[in-house]
Each structure stands twice: as structure tokens, then as C-alpha cells.
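Here's the structure we're looking at; comments come further down.
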């Protein structure tokens, strides 16, 4: 299988739509940098897709716990002062924490999994302010893919 360039939304979305969860996970694990590299690219892309005008002075911290076969990765996203900053590791006092398996996280980002359906089926778990997360989605431009 070829590598997935997660910095290119169109390529990531195509992989998510064409592969089973198992194949997607295996492909990511086998490529150079593995899960960490892909998630670093994904979160960098999320920060780049942030539209400050849509956040209208809002501030928040969100933690993401993304489970992969070789362990859970924690990322944090801080939105403040018209900026979106992302990094590895836990967040201090997050407004919400998102818990999800790696392939489901990628499906959510690619628009291949409905967030409310994911919550109702247990694929996505939210601790904290779920309604805020729904609002926050609108602060990001979703590229065509």
C-alpha cells in the first residue's frame, strides 16, 4: 500500500473513504513516522484551517485522546487571541475532551462519519461541553476532498 500524506486533505479523505478501518490503521502504522507523524500532520492541518473571524474572540482548550493499537496519543488545541495552536500532550483544564479511535477520528475529519451518530454509537466519547464542540466545528474551513 502507498503512504498516506495526511498534510493533503484530499489524499487523506480518499484513503479514509476507500479503506477499511483495519487497513487504514495498518497503512498508517507501516509508513515512516507511523501514527505520530500522521497525527502531527492532521493537527497542523486543523490549525491551518482555523478561520479566526468565525471564532469571534472565543477562547477554549480542547484535548483529544486518540487511541491506536500501540497506545493512546494525546493532543491539545488552544484557541485564543485569533490563533489556533496545537501540540502533543494533555491539556490543562480542557473545556472538552474528545476520545476516539484513530480511524474514526480520521473519518470524522474527512466527513465520512457523522459526529452525532458517532456519539450515539459509542465511537466518539465527549467529556465536558459537547455543545461547544458543535459550535467550534464552524471555526474551521473544511477543504474539498
So for the chain, what are the equivalent ellipsoid semi-axes in whole Å, largest first, each being the square root of 5 times an eigenvalue of the Cα gyration tensor?
24, 16, 15
Quick calc, residue 137 & residue 2: beta-carbon distance into FRET formula, R0 30 Å, rounding 0.05, result 0.50
Residue 130 versus residue 99: modelled label distance in nm, points set 7 Å from Cα along the beta carbon direction
1.4
Cα centroid separation - the stretch 65-114 against the stretch 11-32, whole Å:
18
Starting with the fewest neighbours, write out 50, 132 ranked by other beta-carbon atoms found within 10 Å of each beta-carbon.
132, 50
Using the Kirkwood formula on the Cα atoms of the stretch 13-99, what hydrodynamic radius do you get, in angstrom to one decimal?
14.2
Per DSSP H run of at least 4 residues, take -39500 (n - 2.57); add these up for the chain, divide by its residues and hand me the 222 nm value, nearest 500 deg cm²/dmol.
-12000 deg cm²/dmol
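No value in this document is a laboratory result; all are computed from the given coordinates. If you're wondering where the values come from, they're calculated on a predicted model, not measured in any experiment. Ideal geometry is used to build each Cβ from the backbone, glycine not excepted, and the neighbour counts take in all protein chains shown.
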